[in-house]
Amino acid sequence: MKNNLKNNTVKFLNKNSRKLSYSNSSLIFLFTALVVLIIIVFPLVYIIKISVIKDGRIFFDGYIEVFKDVKTYRALKNTVILVLGVLAMSVPIGTILAFIRNKTDYKYNKAIDYFVFINFCIPSYVLSVAWIECISRGGFLHRILKMILPTIKYDISPYSLTAAIIVLSIHLYPLVYFAVGSGLKQISDILEKTSFLLGGSKRKTILGITIPLVYPTLISIGFLVFTRTIANFGVVSNLVLPIGTEVLTTRIFQAISELNLTVVAVLSILLMVISLAVFKISKRVKYKEIENTNNTIYYYALGKYRIGVNIMLSIFFSIALFIPLVTLLISSFLKRWGLPIEMEYLTLNNYKYILFESEVTKRAFANSIFFGIFSATSAVIITLFILYFKKHNNRLKDKLLFSISNLPLSMPNIVLAIGATFAWINPPFKLYGTKWIIIITYIALFIPIVLKHASGLSSNISLSIDDSAKTLGVPLIKRIFVLYMPQIFSGLLSGWIICFLISLREIPISLLLYRKGTETIGVMLFMIQSNSYGLETTSTLAVIVIIFSVIGNVLVKKIVKGNSVNERISD
Amino acid sequence: MKELVIKNLKIEYGKNTIINNLDLHVKKDELLVILGPSGCGKSTLLSGVSGLLKPTNGYISFGERIFFDSEKKINMITEKREIGFVFQDYSLWPHMTVKDNIIYPLKLKKIEKTKINLILDDILKDIELSDKKDVYPNNLSGGEKQRIAIARSLVMNPSFMCLDEPLSNIDPILKMRLLKLIKKIQIEYKIPMIYVTHDQHEAFEIADRILIMDKGEIIQSGLPEEIYNEPNSAFVAKFIGRSNIVSENVFDRKKNCKRLVIRPEDIEISEKGKYVGFVKKKIFRGSFVEMHIKYNRETLIIHVNNDKHFVGEEIRFNINKSHVI
Ligand SMILES: Nc1ncnc2c1ncn2[C@@H]1O[C@H](COP(=O)(O)OP(=O)(O)O)[C@@H](O)[C@H]1O
Ligand SMILES: [Mg+2]
């Protein structure tokens, strides 16, 4: 009996001998590294190459041209104004709402959560469409004013930098709200009580203790808002480009249409460098750990301010949420945008058209869903390998792979798309014009997102689990997929869903890389209006996208409960 | 007189009554220790005193100042009560340096800068932390944090201080040092203190007077010796030190069954002892040996210094001191 056991063990160990498992490990690492190199590093290198090499010679004319061009500075200046404006609006709004929600005895605090959450689910481009429908001549605001004052002269333009600032702030304040909220929840009640005991009034305590305790959160979320804003393309192209004002992303887009590739490359590098710098600085922000040792939170009594808070919140959510939603909804049922809102002009045809009749939109749905599933799944697998190696081997090359994989997170989507264009336009790797160029760019975009969702869970796993499996002779592939993956599964899954959702609304990448046949929903959102359909079809598509987005995000919330993803992704 | 007076205090959490009909006096310059098991309502009591929690009923005053009076509907806000309060969890503000933490109350009072610095230097010397002025709390040990917290409440010049298990998170050796420091501060600053703890060793080390609390009520109040030697109930006897609690008629059949508290060190083994029992169990406890002696139907615990008896041996013993409860 004992002999028998011994024989079996020897056989088992032989079959999975260390040597074999070692070479397996190298193979999988090599594969992962190669994928990351090809889809992330290669396009980036190409941008740099295009910016400095022409006809086989190094030249810096591109840089000189860009930095001599007054348009560059104008775009930079507008970008700065945009960023500062969005910061100045979204950070206070998010902070005040988070404070009311988490630190006061406000009765309807759950409602704030829901409203902010829905706001978070609305893609920024869609918000900008709603904005146009509200503000433009013949829009809803105009009509209401006309009802009240029939003789009014309406000359408010929906297009301006301010408009983009407002729309982006409404889109980005939820990020501030979530982050500051979770920071505020970390504050132990005794920190505030101590201030009262030492003679501090409520006002002094709020301004001197409570809010300063979340300064680090505010700073790091401010950086995130910063990078999101300079990376934005959809809103600025919708609200700012029409009046000829340019920011960096639209400047790049213009340069593409001028076919000035060197300039495109240089501008992309400029944008990338700014993004990356901000991203790196934000990582430098040192947190002074606040820990809630006794798990109780102090709630300020609103008292006489209750009514004021109610009024303020009603106005805010009307503007940020209900008016845009209602606007889109009404428009989606109109036969033609601009018609009066009367029974005879309402119809379900827009939905019928988009969901069942139009070949292009049907194809766009199919494409987006396929690209999303394929890219998200691939990203999850690659991420799984990257995380496994980082966790269990943690050699220099594992760390390097991990850092490189995180790069796309700090890169505007439009830069990723330009890199892909440059890298895959020439034979032998001519992917440009096929669906694969969109797919691999999505994968590059998704890997760091999945990483973000799963790495928290991974760091909680004990190393001894894998070691003990090794001593039992469990082969690498099994250790990865059977032992490691289940432990970070909820992270991978929520990351997967988020990526899938992004592919249902993503604009800059698909807009730059699509050809007839590979349109996505994002492309349709952007283009459908100019394809001889009006805003009513855009609105219909927008409503559908919002519904998808809310459902998906609710799922993610359910899955993520328990494991902490401290940074949410939006576009 | 600068005395804290509490009368008829009742505190409830929803429907649960935590403190019921409690009367309490803290005399001038007194260090009163409230000793009781976890969950008996010590923290709740201090919250009520400091105004962090509104009592349902009762009266609290310090000297002339009435903090709370349910009949006259007086409830002074916490900010005005000027109570130095030290929490178990340090409650230092992590975003401020040691210096900024300590001078916060001074800045609130708009005291001028030069004076603030003088006070700061003085207090830092008193708590023996002059070199940590510009450090952030996260880089301090538990003992250091707690000293800062004490200093911070002292600079406010409080009318009295409440310390809620201030040393529970601190290791035993350091604890003794800090207890001495607290006592020293209390004497130097002449501040009445309520010191709350569940640890009897702390209580005996520091108390002028001890108050035993259980389930929101005061069970006994007295000098430390009184509490130890003359516990008024089985609860106190068991909570303070080790004790044998036996019925009187175990030793004397004629008497009825009042209960006796006998401390382990008050039983003496002696060849001419009055009572006969046998050794059931022996436990080596370092400085002494704990013996369990079977006598009639009871098991008595004895602390002895020598270990010459063996398990099963018959021994004789006397009871030197006992206390009827
Ligand atoms: N915020 C609260 N809400 C409801 N019950 C509480 C709360 N805080 C404490 N209690 C209850 O009050 C009782 C006394 O608690 P506490 O004063 O903290 O005890 P101690 O400080 O003596 O350990 C406990 O039974 C506890 O469960
Ligand atoms: Mg307590």
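Throughout, read-outs are computed from the coordinates displayed, never taken from laboratory work. These numbers were taken from a predicted model, which means no experiment stands behind them. Quick reminder, even Gly has a Cβ in these numbers, built from the backbone with ideal geometry, and neighbours come from all protein chains shown.
One table, with the values for the structure above:
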item	result
Gaussian network model of chain B, Cα within-10 Å springs - most flexible of B:ASP122, B:ASP131, B:ASP214	B:ASP131
Proximal aspartates and glutamates relative to B:LYS42, as straight alpha-carbon distance under 16 Å, when same-chain residues fewer than 8 apart are discounted	B:GLU12, B:ASP23, B:ASP89, B:ASP164, B:GLU165, B:ASP199, B:GLU202, B:ASP214, B:GLU217
Amide H within-cut-off set for A:THR104, under 5 Å, with H built and near neighbours excluded	A:TYR300
Cα-based shape type of chain A, given that a ≥ b ≥ c are square roots of the gyration tensor eigenvalues and the cut on a/c is 1.5	oblate
For the stretch A:69-332: rounded, prolate or oblate by the Cα gyration tensor [a/c cutoff 1.5]	oblate
Relative contact order, percent, the stretch A:69-332 [alpha-carbon distance under 8 Å, six or more residues apart]	32
Kirkwood hydrodynamic radius of chain B, from inverse mean 1/r over distinct Cα pairs, in Å	22.3
Average Cα contact separation per residue, chain B, under 8 Å, 6 or more apart, as relative contact order %	17
Euclidean distance of C-alpha centroids, the stretch A:332-367 and the stretch B:158-212, integer Å	76
Cβ-placed point charges (K, R +1; D, E -1), dipole of the protein assembly as shown about Cα centre in debye, nearest 20	1340
Options B:PHE68, A:LEU409, B:ILE191, ranked by Cα towards positive dipole end of the protein assembly as shown, top entry (Cβ charges)	A:LEU409
Taking chain A and dividing mean pair separation by its residue count, relative contact order in percent (alpha carbons under 8 Å, at least six apart)	21
Shielding by partners, peptide A:186-195 (average Cβ within 10 angstrom, other chains)	6
Beta bridges per DSSP with both ends in the protein assembly as shown, % antiparallel, nearest 5	75
Inter-chain shielding of B:102-109 (mean C-beta neighbours from other protein chains, 10 Å cut-off)	4
Cross-link partners of A:LYS362 among lysines (Cα-Cα below 17 Å; sequence separation of 8 or more within a chain)	A:LYS352, A:LYS435, A:LYS516
Cβ neighbours within 10 Å from other chains - mean over B:82-91	5
Residue-averaged [θ]222 nm for chain A, counting only DSSP H segments that reach four residues, each worth -39500 (n - 2.57)	-22000 deg cm²/dmol
Selection of trypsin sites (Lys or Arg not before Pro), the stretch A:181-226, meeting DSSP coil and at most 16 other Cβ within 10 Å	A:LYS185
Interchain or long-range residues, amide H under 5 Å from B:PHE278's placed H	B:LYS294, B:ILE315
Gaussian network model of chain B, springs between alpha carbon atoms under 10 Å - residue of B:VAL155, B:VAL304, B:VAL196 with greatest fluctuation	B:VAL304
Filter on B:LYS107/B:LYS133; B:LYS238/B:LYS321; A:LYS193/B:LYS10; B:LYS10/B:LYS54; A:LYS204/B:LYS80; B:LYS10/B:LYS215 - keep pairs with C-alpha separation over 18 Å	A:LYS193/B:LYS10
Loop sites in the stretch A:214-294: trypsin sites (Lys or Arg not before Pro), DSSP, at most 13 other Cβ within 10 Å	A:LYS286
Global form of the stretch A:112-172, assessed from the alpha-carbon gyration tensor, a/c cut-off 1.5	prolate
Sparsely packed trypsin sites (Lys or Arg not before Pro) within the stretch B:217-260, loop by DSSP, other Cβ within 10 Å at most 15	B:ARG242, B:ARG253, B:LYS254, B:LYS255, B:LYS258
Lys, Arg +1 and Asp, Glu -1 on Cβ, resulting dipole of the stretch A:69-332 about Cα centre, debye, nearest 20	560
Cα centre as origin, Lys/Arg/Asp/Glu Cβ charges: chain B dipole, Debye	480
